[in-house]
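Peer 1: Here it is, the structure, as structure tokens.
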Amino acid sequence: MSDAATALFTHLPILLIVWPLGWGVLLLLGAARSSDHPPGSDHPETSLRRERWLSLSGAAITLLGASLLSWDAAHGAIRVYTLGDWPAPFGIALVSDRLSALFLLLTALVASSALVFAIGSWDHRGRAFHPLFHIQWAGLNGAFLTGDIFNLFVFFEVLLIASYALLTHGLGAARLRVAFGYVVVNLTASALFLLGLALLYGAYGSLNLADLAHRTAALEPQPLFLARVAAALLLVVFALKAAAAPLYLWLPAAYSAASPPVAALFAVMTKVGIYAIIRVHWAVWGGEWGVLGSAAFGLLLPTAIVTGLLGVAGALAARTLSRQIAFLTVASVGTSLIGVALATPKGIAAALFYLVQSTVTVALLFLVVALIAAQRGEIGDAIQPAPALRDPVALGLVMLLAAASAIGIPPLPGFLGKLYLLEASLDHPGQSAVWLTLIAVGALTLIALARAGVTIFWHTHPKRITVWPSGDSRVLMQPVVALVVVVAAMTLWAEPLYRFTYAAAVQAADQTAYARVVLEQAHGYAPWTRPYDGTLPQTEPREAP
Amino acid sequence: MLTLVIVLPLLLGTAACAWAGARLGRRATAALAAAVAALALGALLTQAAPIWAGGAVAEAAQWVPSLGLNWQLRADALSLFFATLILAIGLLVITYASYYLGPTDPPGKFYATLMLFMAAMLGIVLADNLLLLVVFWELTSLASFLLVGYWSEQSPARRGARQALIVTGVGGVVLAAGALLLGEIGGTHQISALVAHGKAIQNHPLFPWALVMVLFGALTKSAQFPFHFWLPDAMAAPTPVSAYLHSATMVKAGLFLLLRLHPLFAGSALFETVALPVGLATLTLGAVVAIFKHDLKGLLAYSTISHLGLIMTMIGLGTVEGVVVAVLHIFNHALFKAALFMSAGIVDHETGSRDLRHVNGMMRYLPWSGLFAIIAAAAMAGIPFFNGFLSKELFFTATLTAPHPLVPILATVAAAASVAYSFRFIHDTFFNGEPGPLPNPHPHEPAWGMRAPVALLAFLCLLFGVMPWLAEPLITRVAAAAAGAPVPELHLALWHHPGLHVAMSAVALAGGGIAYALLMTNRFLHRLDIDRLFGRRAGRWLFAALVARMVRTAAWITRRTETGSLTMIVALVWVSALALVHFTVPWPQTASTPAAPQPTFSTLLVAFPLWLLVAFSAGALLFWHAHRTVAVLLTGVIGLVSAVAFALLSAPDLAMTQIAVEVVSTVMLFLALSFLPKRTPAIPFQRRLVHAAIAVAAGVTVGVLAWWLLVTPRESISWYFLAEALPGGGGRNVVNVILVDFRGYDTFGEITVLGVAALGAWALFFGTSRAQHCTRQTSQWLEPHPHLLRVATTVMLPAALLLSVYLFLRGHNQPGGGFIAGLVTAAALLLVSLAHGFAAANQWVRAQDGWRFARTVGAGIAIAAATGAAAWAFGRPFLTSAHGHPQLPLLGELPLASAALFDLGVYVTVVGATLLLLTPLAAARRNDRETKENGR
């Protein structure tokens, strides 16, 4: 590898955060510049087109970066990036492994599609859409890459603050109302998160994830108690972000009210919570009977089951398609969490497989539902008879495909993911519960979507209606097709994808290797934590960087 | 080659038909479909020779080996038999449909879906992998859904399609789980390998589960009682579809699966106790109900259910003889039932009606079609010289070996009923007086394209009826392949040795004929409405009620959980957290407290009043929380006390930050509150009690946890920061070095949060109709303030700016830094705005509705990012700092650190974000004035 390529791969983790963030800021500056003149005097069309092209090219580079990182991670190396050149655990380290790469690539795929869709008709319905979109993307990438739990909190805030703003994009009374609830609920979670972090710092005296994993076994009873309390609090926080029962109640209203491209991007948001549970509770703390011995993790399986059932109940009861999809998001979270709760590499691998495909499917559903709604005029996405769609065949086929994957109809990835979950739960004490739940969720999803699909596509009035502009653009179809291709690819190449998720799970579980790589530079400083006595410690002077 | 057999219709067939449908018209599309089917048939038959010799052809490719789902195909006699049936009848149906479909029916949609179905069905019979079979299984359900709903504008079509999809789809979901489990038990998902070690699998403790799940899939698919009800409703499909999917092929998939897995299930007591009674019940129920159906296709549908039950009964016997009869009857039934459906389609097509009470006397109008229908119906009734007779005879013989005498009795009853409905089918359609009122009063024979397929099938019924030995080699091979064992020598002949079965046959024929004659006396049968008789007890209604009940329950659950109450969600968060902390974490009994210095009297003298002040403010909040202004003030007091505490605990940076934040946020809160009502709405007392309980529990828990935190002996990495701040970070103020260097990346994230928060609020305000709404209220806070204040701020502003610069510059070594400096600047500008009025102030700084400050925020983040990125130029990671202490002439030592530049980014962001947050207020004021002016 040439020097330039080496440098690129070395800096790739931080580039995946700084690039979208910086691009967002540049777009903001550009937007501000172009509006120096009062509105109307400039050519708003030109500046909008310029902003869109800039935004797209920035997204393309982020997508490319995420692909490169995944390609790199597939080889199995863990890359550590020490920010400010301070060795972990003293400074903040970014750690990219297969698990991070998987989520980065997923985010990039969904975000790019959502962005193109937004350009189709949604982005100009509010201020600063493109800057906020890229900043949110940066926040997601940052959360997936960080190796420091306080930094995880910071990037949770980055992605949430951007999501608050994006949620209200496009406005309307409904969005404003749900956005308020969304902010309040998430700020409550942030407060709990901070509380947990304080306890963690009290217990460990350090916030680096590798360090936490490495030192848990040696904790004294009192710090161990604090760590367990922190783990319980963090589990609540992550479960809330993931939208697990009973903390999913904020999601349906918020996701169904969000503008479609934002809702599609938000399909990734719940996955941050699941990622955090996998990374922190499973990989670092080893699940229920792991090093921490936290019993809170044991509640995850019942929680996951209830989440799946409540989600599908909501989908069955929903009267609009977007609410149905929002509830199916909840159900998919429950299904994924079942795999996480199994707490074995196979379970995690199955959960990751299911999660990846369900995110793409849900994003696809949100987009295609927006198109359907736009072609039904006033009736929108309400599940009731309406005049026929203008484009019933294309939309119908896409809807059928996405719905089939959501139900778990073969050979689509949703089916394969469920099979992996079923297989992973063999020999687990909760096997029969898992099997029954998965079958029930699949069957009920089928009933819900069959009812909705038949009504929307077949129960039509002969009346003609005007199609809304947001349903009448070729641009809008492109991301839909792209996501369909992704679903098809996940079907054909399910095996490599599963191998990747399995390898990711195995790699994440190997905390010894993880700690060795991350904490490599700090060996000269052992012991890393020392009692604080208020005096300036004497160390050998080091060379200035 | 086997792959080609499936892929041809799957890809080429669907694509070609979809393409041609819109462009080339019905006949050409049908020709294309037929060509593809013929090609596939040709490809299949090239493999026939070795299979006929008793071998098998297999193909395999890896797909998802980690699941055991692979592209494994295998054709033995059973597969070949079914595949040929699918393709051959498919060809007939394609031909027939090209005449049957009307000019307004889109041919592309029809033939493409039909091709999809054909491919899926071929996949089922050729798959040698259980999971691959499931894949094709569900694909047939989907194709059937689309074909039943072909005339989607008709309500019965929609209902029938949905119901069929739900029943067979759910069956497929369960089957998938069962197939997975079966494969896990057997250690492979390859069917041929699984079947080879059947008995070992039966002894596995999980085998009953797998069996039940697989059976569930098979029973739903093959319309067995109690899941039979979807099949009659699926008759809303175009008749070629009914002939093909819902009689000849798809409904046989469940039977095929059980035949395919016969060696696995045979001998299992559970299998026999389920399959045999279910088959028998289906056989009898279907046959009896069929007599009373007035709809031509309804009669045929129930007859199909009955015949499927017959085959299921035979499979359920679990013997090789049973398999032979099952295979033979599958063959015979496919021939005569397809012919009958096509005849029904001809009648429907020509008369526009399928009502047996009105369609009478058709023999005069449709002599040829009538003749073919009579042949096929005779086969269905099991009359000698027609093919159905043979399988019926063998069926009777087999029932006599069954463990229970009820089996042959019910078999005879069902056979009698089948004679009766066959008579009715012919008698009511083609004879029985003159036609009633018909939508199309002048029926005539359809094109030969429609009659030819029926004629061919009728001919075959006759051929195999008269010369049954022709089928011998075929049936023997197929049955042997299914049973996985050699079958006893089979002699198909018209006259068997006499026995009880002959008597049963005679009883059935005579009984059926007499029963029909009695029922038809005075057209009694025509006045009987069986649907009303069954009423809401019919399967369809029970199913609909079940689904409706589920939807209602789901709606009830959702209403109960998703109340939309934000308070409830937040309460749930806290309750969950409290529950986890208290019930999943074992609390320590005793604390080992580190030896801490005892507090002196003087510290207590300061601490105690402060503590009292906090306690008082918190207590007062309890009483005055509803009064928003007071609540903000009291919270401010608590914040300020924290600042003092920070100062006393030697954290001057924190104290300064806290004070600045308190000032700015309190003022902003006041400004925002001035748009809202003065008081929060009251809450009922009981609910307040609940809230209080949660709040107290949370407060106490957090307090106790804080105590535990304080008494836990602590080691941390903080020594490193103390040690490295100056040599590594170039600053004496460790807190600031942590903020801008050790953890500068966190700060980078946080200034982004701050900036985006401001951007979000600003974007929200300037796009919303709510903006106009809320600005109609006036707020005295936004008016210019007294002259004295304006003068004061004029003096104060430069001083405050100077202070910011001072705080900023010394930040790296002394308490201060970019964040605090930014807040001071922001507070000063805020005060200026208050004094001069927000609109004036904004005009003064040329805020352009905030765009300028949006840019400032961007610039701040950009400065910080650029500082971080500069390290790349030196080959260092992001945010690596550099510092030096160059000696300058005159000025002496000048401490310089790149981190200061980063801190500048922080400063700019903080100022920009604060000012950006204020612009909506200015705009609000301006809008307010404009509204007033417009009002005048």
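Peer 1: Consider A:Val368 carefully, then state whether it is under 27 Å from A:Trp493 (Cβ atoms) and either among the acidic types (Asp, Glu) or within 14 Å of another protein chain (Cβ to nearest Cβ) (or both).
Peer 2: Considered against the rule, which asks whether it is under 27 Å from A:Trp493 (Cβ atoms) and either among the acidic types (Asp, Glu) or within 14 Å of another protein chain (Cβ to nearest Cβ) (or both), A:Val368 comes out as no.
Peer 1: What tally of residues in the stretch B:683-735 results from selecting those that are facing chain A (nearest Cβ under 9 Å), assigned to a loop (DSSP other than H, G, I, E, B) and more than 50 Å from the chain's Cα centre (by Cα)?
Peer 2: Looking only at that region, the number is 2.
Peer 1: So, in the stretch A:442-486, how many residues would count as being more than 11 Å from chain B (Cβ to nearest Cβ) and either modelled with pLDDT of 95 or more or under 20 Å from A:Trp122 (Cβ atoms) (or both)?
Peer 2: Count: 21.
Peer 1: Any residue at all in the stretch A:101-112 that's buried (at least 24 other Cβ atoms within 10 Å of the Cβ), in contact (Cβ under 8 Å) with a residue 24 or more places away in the chain and assigned to a loop (DSSP other than H, G, I, E, B)?
Peer 2: No, the stretch A:101-112 contains no residue that is buried (at least 24 other Cβ atoms within 10 Å of the Cβ), in contact (Cβ under 8 Å) with a residue 24 or more places away in the chain and assigned to a loop (DSSP other than H, G, I, E, B).
Peer 1: Let me ask another. Which number in (1) farther than 18 Å from A:Ala243 by Cα; (2) surrounded by 12 or more Cβ atoms within 10 Å (Cβ to Cβ) marks the one condition that B:Arg549 misses?
Peer 2: Among (1) farther than 18 Å from A:Ala243 by Cα; (2) surrounded by 12 or more Cβ atoms within 10 Å (Cβ to Cβ), B:Arg549 violates only (2).
Peer 1: While we're here: Within the stretch B:882-928, how many residues turn out to be within 25 Å of B:Ala725 (Cα to Cα), at pLDDT below 80 and assigned to a helix (DSSP H, G or I)?
Peer 2: Total satisfying the criteria: 0.
Peer 1: Here's a follow-up. For a quick check of your reading of the model, give me the residue pairs whose first member lies in the stretch A:296-320 and is in contact (Cβ under 8 Å) with a residue 60 or more places away in the chain and crowded, with 24+ Cβ neighbours inside 10 Å, whose second is assigned to a helix (DSSP H, G or I) and polar (S, T, N, Q), with beta-carbon atoms closer than 6 Å and at least 6 apart or on different chains.
Peer 2: Pairs found: A:Ile305/A:Thr437; A:Gly308/A:Thr335; A:Gly308/A:Thr437; A:Val312/A:Thr445; A:Ala313/B:Thr558; A:Gly314/B:Thr558; A:Ala315/A:Gln324; A:Ala318/A:Gln324.
Peer 1: Next question. Quick one: is B:Leu673 under 23 Å from B:Leu622 (Cα atoms), more than 14 Å from every other protein chain (Cβ to nearest Cβ) and within 43 Å of the chain's Cα centre (by Cα)?
Peer 2: no
Peer 1: Let me ask something else. Out of (1) modelled with pLDDT of 85 or more; (2) in a loop (DSSP other than H, G, I, E, B); (3) not acidic (Asp, Glu), what's the single condition that is false for B:Arg846?
Peer 2: Failing condition for B:Arg846: (1).
Peer 1: Would you confirm whether or not the stretch A:255-267 contains a residue that is over 18 Å from the mean Cα position of the chain (by Cα) and not in a loop (DSSP other than H, G, I, E, B)?
Peer 2: yes
Peer 1: Being within 9 Å of chain B (Cβ to nearest Cβ) and surrounded by fewer than 24 Cβ atoms within 10 Å (Cβ to Cβ), is that true of even one residue in the stretch A:209-218?
Peer 2: No, because not a single residue in the stretch A:209-218 is within 9 Å of chain B (Cβ to nearest Cβ) and surrounded by fewer than 24 Cβ atoms within 10 Å (Cβ to Cβ).
Peer 1: Tell me, which residue of the stretch A:316-334 that is among the polar types (S, T, N, Q) and over 17 Å from A:Val272 (Cβ atoms) is farthest from the other protein chains (Cβ to nearest Cβ)?
Peer 2: A:Ser322
Peer 1: So which of A:Ala138, A:Ala88, A:Ala77, A:Ala143 ends up being within 11 Å of chain B (Cβ to nearest Cβ), at negative phi and not in a helix (DSSP H, G or I)?
Peer 2: Selected residue: A:Ala88, the only one of A:Ala138, A:Ala88, A:Ala77, A:Ala143 that is within 11 Å of chain B (Cβ to nearest Cβ), at negative phi and not in a helix (DSSP H, G or I).
Peer 1: Quick one: which residue in A:Leu160, A:Leu192, A:Leu152 is under 25 Å from A:Leu109 (Cβ atoms), modelled with pLDDT of 95 or more and assigned to a helix (DSSP H, G or I)?
Peer 2: So the residue among A:Leu160, A:Leu192, A:Leu152 that is under 25 Å from A:Leu109 (Cβ atoms), modelled with pLDDT of 95 or more and assigned to a helix (DSSP H, G or I) is A:Leu152.
Peer 1: Restricting attention to the stretch A:199-208, and to residues there that are more than 8 Å from chain B (Cβ to nearest Cβ) and touching a strand residue (DSSP E or B) at 6+ places or on another chain (Cβ under 6 Å), which single residue is surrounded by the most Cβ atoms within 10 Å (Cβ to Cβ)?
Peer 2: Among those residues, the one meeting the criterion is A:Asn208.
Peer 1: Further, regarding this structure: Output the residues belonging to the stretch A:419-437 that are assigned to a helix (DSSP H, G or I), among the aliphatic types (A, V, I, L, M) and at the interface with chain B (Cβ under 10 Å from one of its Cβ atoms).
Peer 2: A:Leu419, A:Leu422, A:Leu436
Peer 1: Let me ask you something else. Can you say whether B:Trp587 is of a type in the set (Phe, Trp, Tyr) and either assigned to a helix (DSSP H, G or I) or at pLDDT 90 or above (or both), as far as the supplied structure shows?
Peer 2: Against the criterion (of a type in the set (Phe, Trp, Tyr) and either assigned to a helix (DSSP H, G or I) or at pLDDT 90 or above (or both)), B:Trp587 does not qualify.
Peer 1: Kindly indicate the residue of the stretch B:849-876 that is more than 10 Å from chain A (Cβ to nearest Cβ) and surrounded by fewer than 19 Cβ atoms within 10 Å (Cβ to Cβ) and also modelled with the lowest pLDDT among those meeting that condition.
Peer 2: Filtering the stretch B:849-876 for residues that are more than 10 Å from chain A (Cβ to nearest Cβ) and surrounded by fewer than 19 Cβ atoms within 10 Å (Cβ to Cβ), the one modelled with the lowest pLDDT comes out as B:Ala873.
Peer 1: Would you check which residues across the stretch A:221-258 are surrounded by fewer than 24 Cβ atoms within 10 Å (Cβ to Cβ), within 17 Å of B:Thr584 (Cα to Cα) and more than 7 Å from chain B (Cβ to nearest Cβ) and list them?
Peer 2: A:Leu224
Peer 1: While we're on this one: Tell me which residues, restricted to the stretch B:133-164, are touching a strand residue (DSSP E or B) at 6+ places or on another chain (Cβ under 7 Å) and of a type in the set (Phe, Trp, Tyr).
Peer 2: Listed by number, the list holds a single entry, B:Phe136.
Peer 1: Is it the case that A:Ala128 is surrounded by fewer than 24 Cβ atoms within 10 Å (Cβ to Cβ) and hydrophobic (A, V, I, L, M, F, W, C)?
Peer 2: Taking the combined requirement at face value, the residue does not satisfy it.
Peer 1: Just to be sure, is B:Thr768 modelled with pLDDT under 90 and within 7 Å of chain A (Cβ to nearest Cβ)?
Peer 2: yes
Peer 1: Which of the residues spanning the stretch B:574-584 are in a helix (DSSP H, G or I) and within 7 Å of chain A (Cβ to nearest Cβ)?
Peer 2: Across the stretch B:574-584, the qualifying residues are B:Ser576, B:Ala577, B:Leu580, B:Val581.
Peer 1: If you don't mind, there's one more thing I want to ask. What number goes with the only condition from (1) without any contact (Cβ under 8 Å) to a residue 24 or more places away in the chain; (2) closer than 18 Å to B:Gly382 by Cβ; (3) touching a Phe, Trp or Tyr at 6+ places or on another chain (Cβ under 8 Å) that B:Ala471 does not pass?
Peer 2: (1)
Peer 1: Right, another one. Here are B:Leu528, B:Leu509, B:Leu572, B:Leu578: which of them is within 30 Å of B:Ile330 (Cα to Cα) and surrounded by 13 or more Cβ atoms within 10 Å (Cβ to Cβ)?
Peer 2: Being within 30 Å of B:Ile330 (Cα to Cα) and surrounded by 13 or more Cβ atoms within 10 Å (Cβ to Cβ) holds for just one of B:Leu528, B:Leu509, B:Leu572, B:Leu578, which is B:Leu509.
Peer 1: Separate question: Failed condition for A:Leu416, given (1) in contact (Cβ under 8 Å) with a residue 60 or more places away in the chain; (2) under 22 Å from B:Arg162 (Cα atoms), with all others met?
Peer 2: Condition (2) is where A:Leu416 drops out.
The rows are residues; the columns are (1) at pLDDT 95 or above; (2) surrounded by fewer than 23 Cβ atoms within 10 Å (Cβ to Cβ); (3) touching a His at 6+ places or on another chain (Cβ under 7 Å).
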| position | (1), (2), (3) |
| --- | --- |
| A:Ser2 | no, yes, no |
| A:Ser34 | no, yes, no |
| A:His37 | no, yes, no |
| A:Glu51 | no, yes, yes |
| A:Leu54 | no, yes, no |
| A:Ala60 | yes, yes, no |
| A:Ala66 | yes, no, no |
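Peer 1: Also, quick follow-up: Return yes when B:Val64 is surrounded by 15 or more Cβ atoms within 10 Å (Cβ to Cβ) and within 14 Å of another protein chain (Cβ to nearest Cβ) and no when it is not.
Peer 2: Here the answer is yes, as B:Val64 does meet what is asked.
Peer 1: Please pick out the residue among B:Pro652, B:Pro588 that is within 14 Å of chain A (Cβ to nearest Cβ), over 30 Å from B:Phe685 (Cβ atoms) and in contact with a Pro (Cβ under 7 Å, 6 or more places away or on another chain).
Peer 2: B:Pro588
The values are calculated or read from the model by the stated rules, or taken from the named source; none is laboratory data. Note that this is a predicted model, so its numbers are computed, not measured. All Cβ positions, even for glycine, are placed from backbone atoms using ideal geometry, and neighbour counts span all protein chains on display.
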